[in-house]
Amino acid sequence: MTQHGKRVVLFGGTFDPPHVGHLLMAQLALEQSAASAVWFLPSPTPPHKSHEAVAEYLLRKEMVAALIYGFDGLVLTPLEEQLSPPHYTIDTVRACQDRYPDDHFVFLVGSDSLAQLPTWQDAEALTRSIEFLVAVRSGYPYHQALHQVQQRLPELRARVLEMPLLDVSSSFLRPRLLANRPTCGLIPDGVLEVWREWHER
Ligand code: ATP
């Protein structure tokens, strides 16, 4: 980090829909890395979800804005829409580092994503470019995931985020939204409003 640079946490995801797990991990990442901001980077075309139906980018972006409304330091950064698809993380990280050369970036992921890292585009170059901050998810113990990934990507640098396990996922919530079932606070009201307005159009 240069003397004048600020620390920024990059948080890529599909956010279909965003939920309290995303919110808590971002807030804790902000606090624990003494960063000035966490940039939410919704992916316009998530490369690892190319075979799944994903909600429209504009809706996901509006839902993220609603999720982080009122939380200082959590910022919607729709940078990937300026990059050409397929929106690989390596390209996003390079774009951030090129545009803001004085700043220091870390990348926030869940431990399930960490476990998948060897399958990401240019994974070796990615691990050389940026350090990872990892929120543990149930089924993916941190040290096990770290050890396995380091076998394939020895240059991986990672730190664990101190966070209670919050076993909530977009894939659990999506069918509940579609079936009009309660999501019991796992999706903040502001996000639900955006989702409902969009589907009433
Ligand atoms: P899906 O269930 O559709 O895969 P998701 O809940 O994992 O969605 P994403 O937008 O794909 O949501 O997640 C973005 C990032 O946040 C990923 O790195 C994912 O591992 C992480 N993440 C999401 N929810 C949690 C959670 N509850 N605890 C820790 N990490 C999480």
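Share of the chain's accessible area from carbon and sulfur, percent, 1.4 Å?
Numbers: 5270 of 10470 Å².
Carbon and sulfur: 50 percent of the exposed surface of the chain.
For the chain, just the Cα set please: Rg and Dmax, both in angstrom.
Using the Cα atoms of the chain, the pair Rg, Dmax is 16.4, 52 Å.
Please list 77-90, 102-115 highest first by mean number of surrounding beta-carbon atoms within 10 Å per residue.
Most protected by this proxy first, the peptides run 102-115, 77-90.
Where in the stretch 92-108 is the amide nitrogen less than 11 Å from a point lying 7 Å along the Cα-to-Cβ axis of Ser36?
Counting only backbone N, you get 102-104.
Counting Lys +1, Arg +1, Asp -1, Glu -1, what net charge surrounds Pro164 among other residues with beta carbon under 15 Å of its beta carbon? If you can, show how the numbers build up before the last one.
Values: positive: Arg137; negative: Glu31, Glu162, Asp167.
Its environment carries a net charge of -2.
What does DSSP give for the chain in terms of the percent of beta bridges that are antiparallel, rounded to the nearest 5?
On the way: 1 of 22 bridges.
In the chain, DSSP labels about 5 percent of beta bridges as antiparallel.
So if we plug the beta-carbon distance of Ala179 and Gln144 into 1/(1 + (r/R0)^6) with R0 = 41 Å, what FRET efficiency do we get, rounded to 0.05?
0.75
For the stretch 7-199, what does the accessible surface come to per residue with a 1.4 Å probe? Please give it in Å². Intermediate results must be reported in sequence, preceding the final value.
On the way: 9500 Å² over 193 residues.
Averaged over the residues of the stretch 7-199, the accessible area is 49 Å².
Roughly how far apart, in whole Å, are the Cα centres of the stretch 163-186 and the stretch 80-143?
Cα centroid of the stretch 163-186 versus Cα centroid of the stretch 80-143: 25 Å apart.
In percent, what relative contact order does the chain have, based on Cα pairs under 8 Å that are 6 or more apart in sequence? Kindly include the intermediate steps, with their values, before the conclusion.
Working: 331 pairs, mean separation 53.8, N = 201.
Computed value for the chain: 27 percent relative contact order.
For His104, list long-range residues whose amide hydrogen, built 1.01 Å from N in the peptide plane, is under 5 Å from its own amide hydrogen.
Lys6, Arg7, Val8
Where does each of 192-198, 121-127 land if you order them by average Cβ count within 10 Å, highest first?
Values: 192-198: 15.7, 121-127: 17.6.
The peptides rank, most packed first, as 121-127, 192-198.
So if I average 1/r over every pair of distinct C-alpha atoms in the stretch 4-88 and take the inverse, what Kirkwood radius in Å does that give? All intermediate terms of the calculation are to be shown ahead of the outcome.
Working: mean 1/r = 0.0753 Å⁻¹.
After inverting the pairwise mean of 1/r, the radius is 13.3 Å.
The values are calculated or read from the model by the stated rules, or taken from the named source; none is laboratory data. All of these numbers come straight from a predicted model, not from anything done at the bench. Reconstructed Cβ throughout: ideal geometry from the backbone, glycine too, with neighbour counts over all protein chains shown. Keep in mind that these areas ignore ligands, DNA and RNA; they rest on the heavy atoms of the full protein, side chains included. Shrake-Rupley method; radii C 1.70, N 1.55, O 1.52, S 1.80 Å.
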